[in-house]
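Participant: Got a structure for you, written out below as structure tokens; questions coming shortly.
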Amino acid sequence: MAWNVQQAAAVPGNRARNTPARVAAWSAALGVGLIAAIVLTPMFWLMYGGFYTAALFLCGLVAVPAGHAGRRRGKKLGGRDRGLALLALLTGWLLMLGALVLVLAYAGLVAGLGVLVDSAN
């Protein structure tokens, strides 16, 4: 006797194999949040560049000591989660480096505009 999907679904307790996937509410919210972050981050940077740069630097400033504390704690726990702490360290230093590059870019932009305005007179 050959079984097909409708017959399998008709038997109580059996589920059809080809059912739509269920999505948890938290994963749907996470997906929407990630899409919003991708779209809104450049807009936020263009409108409020100074705040964005300060936020980058402050997040890095928090991540570096937290990474060092995590590495120290991981050493006491026998090496558990030391890789995650190293990731926090690297991310923190990259954030602070990115903030420094943005500050230098702002300063270069202002200096370049000053030269242009000076040469126009």
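Participant: Output yes when any residue across segment 86-94 is under 15 Å from Ala63 (Cβ atoms) and among the small types (Gly, Ala, Ser), and no when none is.
Facilitator: Yes, because at least one residue in segment 86-94 is under 15 Å from Ala63 (Cβ atoms) and among the small types (Gly, Ala, Ser).
The rows are residues; the columns are (1) surrounded by 13 or more Cβ atoms within 10 Å (Cβ to Cβ); (2) outside any helix (DSSP H, G or I); (3) within 14 Å of the chain's Cα centre (by Cα).
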{"position": "Ala28", "(1), (2), (3)": "no, no, no"}
{"position": "Ala36", "(1), (2), (3)": "no, no, yes"}
{"position": "Leu40", "(1), (2), (3)": "no, no, yes"}
{"position": "Phe44", "(1), (2), (3)": "yes, no, no"}
{"position": "Ala54", "(1), (2), (3)": "yes, no, no"}
{"position": "Leu58", "(1), (2), (3)": "yes, no, no"}
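Participant: Suppose we filter Gly98, Gly114 for residues that are touching a Leu at 6+ places or on another chain (Cβ under 8 Å), in a helix (DSSP H, G or I), open to solvent by less than 90 Å² (accessible area, probe 1.4 Å) and of a type outside the set (A, V, I, L, M); which single one remains?
Facilitator: Working: Gly114 fails: touching a Leu at 6+ places or on another chain (Cβ under 8 Å).
Among Gly98, Gly114, only Gly98 is touching a Leu at 6+ places or on another chain (Cβ under 8 Å), in a helix (DSSP H, G or I), open to solvent by less than 90 Å² (accessible area, probe 1.4 Å) and of a type outside the set (A, V, I, L, M).
Participant: Scan segment 69-95 for residues that are open to solvent by 70 Å² or more (accessible area, probe 1.4 Å) and modelled with pLDDT of 90 or more and report the count.
Facilitator: Matching residues across segment 69-95 total 7.
The values are calculated or read from the model by the stated rules, or taken from the named source; none is laboratory data. Note that this is a predicted model, so its numbers are computed, not measured. Cβ coordinates were reconstructed from backbone atoms using ideal geometry, including for glycine residues, and neighbour counts include every protein chain displayed. The accessibility values were calculated without ligands, DNA or RNA, using every heavy atom of the protein model including side chains. Shrake-Rupley method; radii C 1.70, N 1.55, O 1.52, S 1.80 Å.
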